[in-house]
Structures are given as structure tokens and as C-alpha cells.
Amino acid sequence: MKQYYHVSSKALEKNNIFHSREDFVTAMNDVAICVLRYDVVILCFCLMSNHFHFVLKGSYQECYAFMNEFKRICAIRMRDRCGEVNGLKDVDLRFDLLDSQEYLENAIAYVLRNPLAARIIMMPYFYEWSSALAYFRGKGELQGIPLNSLSIRKRREILRTRHDVVPDKYVLCNGGFVHPASYIASEEVESIFRHPSRLMMALAKKVENEFEVASGAANQIVMLDPELKTHILELIRNEFGVDSLSQLSADDRLRLCLLVRRNFNASVKQISRVLRLSQSLVASVL
């Protein structure tokens, strides 16, 4: 039976899956090719530096196979790029069944809002490495180069794969990757939200806490140190009324440990690194 699933990878704590623009371009094309091999529909997705999110429609078996194949390809790219053999070996994939209209809408918004929540951009539409630009585009043709107008050799060079057969609707955008609108179920997402304004409102609404608690994803989130430091500075201003960690008293810094653990699910090791406290002290507080 085909159902909707939100699938996310556990974030890498000390490494990135995608380091450079070239890595992201390759991964965008990997998504476009990988989906051709499985009976799944991609409603939306977002690739972040150390994790990724998809909302899929299909049987659990097909969705599971698609996601594990994409993860396998990402691991191969990491190995070829920097010799990282076990980069994704211990990275689990989390599957959440989206069994209501509200849950589905929130999941789509949550996935597309990831760059915004991470303070990378102002609005999701400006983030290249997602499907955010695939919806409510009107009936005009996609701008770009039809992939089938290129020679097989050129296609293989761009896509970094020997997969020769691609649909006629696949268009290479100016960024050098297959435009997500070529293969995303944009019409289905449009029917779910019914009007561009409802999608825009969903993207403008802060759904992270609500969705993470509902899905249990809050326990899976891992931030890289720079991202966590940004959030901690905001926390310091809101909770203690100062602008830097150095302005906190010893007692306030210990209280901050609890707040960071509660709000961001950071590990003892990460909290000790970011707050410059001993692991034993942090562990005793938590």
C-alpha cells in the first residue's frame, strides 16, 4: 500500500556528507537518477551539509529501498572524494508515517524550512539544494537544456553515472543539475496546499518544534558546532540578557548546559566543547 513518509538521516556530528558546491550538484543529480529505479514519488526533499530529508509516497519497501540506495551513493561519493570509507556506516534513516493531512503539510514545510531553521538563508526559495522552487511555477516550460538533447557521453559526464535512459522531461538548469521540477510530484504538493498562499504561509510558520515533537525527530537532531554556537548566542541573549558566553557567571554557565541539552539535544561532549567546560562537570550537571 502506498503511503506518505518523512525520511531523514541522522546528522553527522563531526563530518559533512556534502562539502562543496560540486558535492551538492552531484547529489542533486543522484536524486534525479535514483528515483527512476524505484516505484516512489518524491513530494519534496532538502540536502543539508550533514544530513538530508525527503517526503516520499510509496510502499514502505520501495521507499526504504530508494532511501538506502541514495545513502549508498552518498557513501560512495564520500569515499571517492576524501577516502572516507565508513562515513555513513552508522548513520540511521528514520521513517515517519504521515497519516493525516495536517501532519503531511507540516512535514513538507518542515523539510523545506531546514535551511531557514539553520539560519543559512532568509527564505527556502533561495536555497538551491532542495525542491523549494518546484511548486506553483505555472504552466510554462522549464528553462534549461533538455538532457536528452546531449550525447550519451556528455550525459554520463554531467550525471556521473552510466545510466543512459532519462525521461524527455528532464531539464538541466543553470546550476548544472537536473531541475527538481523535472521529477518532483509538484502537482500533488500543489493539490495538498491548494493555493500558493497556503504553501507560503506554511513556509513562513515556525513548525520545527511542533513537528519534531510529534514525529519524535527531536531526539535524532544533531547540530554541527558552528550552528549550535549561533543558537546558543540567541539563547544567552533571551535567557540571561547578555551578549556573550564570557559574560555569564559560573552558575549561569551550568544552567546554560541544561538549557542547551533541553533545547538542542546536544551530547555531553559537544556541550563541553562549545561551552568550554570539562566533560565531567557537564556530565554531573546533566
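Among the residues of segment 245-283, not one is part of a loop (DSSP other than H, G, I, E, B) and among the β-branched types (Val, Ile, Thr).
For segment 149-166, taking the residues that are in contact with a strand residue (DSSP E or B) (Cβ under 9 Å, 6 or more places away or on another chain) and not in a helix (DSSP H, G or I), the one that is surrounded by the most Cβ atoms within 10 Å (Cβ to Cβ) is identified as Val166. Exactly one residue out of Phe126, Phe95 is surrounded by fewer than 20 Cβ atoms within 10 Å (Cβ to Cβ), within 21 Å of the chain's Cα centre (by Cα), more than 22 Å from Gly58 (Cα to Cα) and not small (Gly, Ala, Ser), and it is Phe126. A Cβ distance below 8 Å, combined with a sequence gap of six or more or placement on separate chains, defines the contacts here; from segment 48-61, residues that are closer than 17 Å to Glu187 by Cβ reach residues that are modelled with pLDDT of 95 or more and assigned to a loop (DSSP other than H, G, I, E, B) in the pairs Leu56/Val40; Lys57/Val40; Lys57/Ala185; Gly58/Tyr38; Gly58/Asp39; Gly58/Val40.
The values are calculated or read from the model by the stated rules, or taken from the named source; none is laboratory data. Small disclaimer: the values here were computed from a predicted structure and weren't measured. Here the Cβ is made from the backbone with ideal geometry for all residues, glycine too, and neighbour counts use every protein chain on show.
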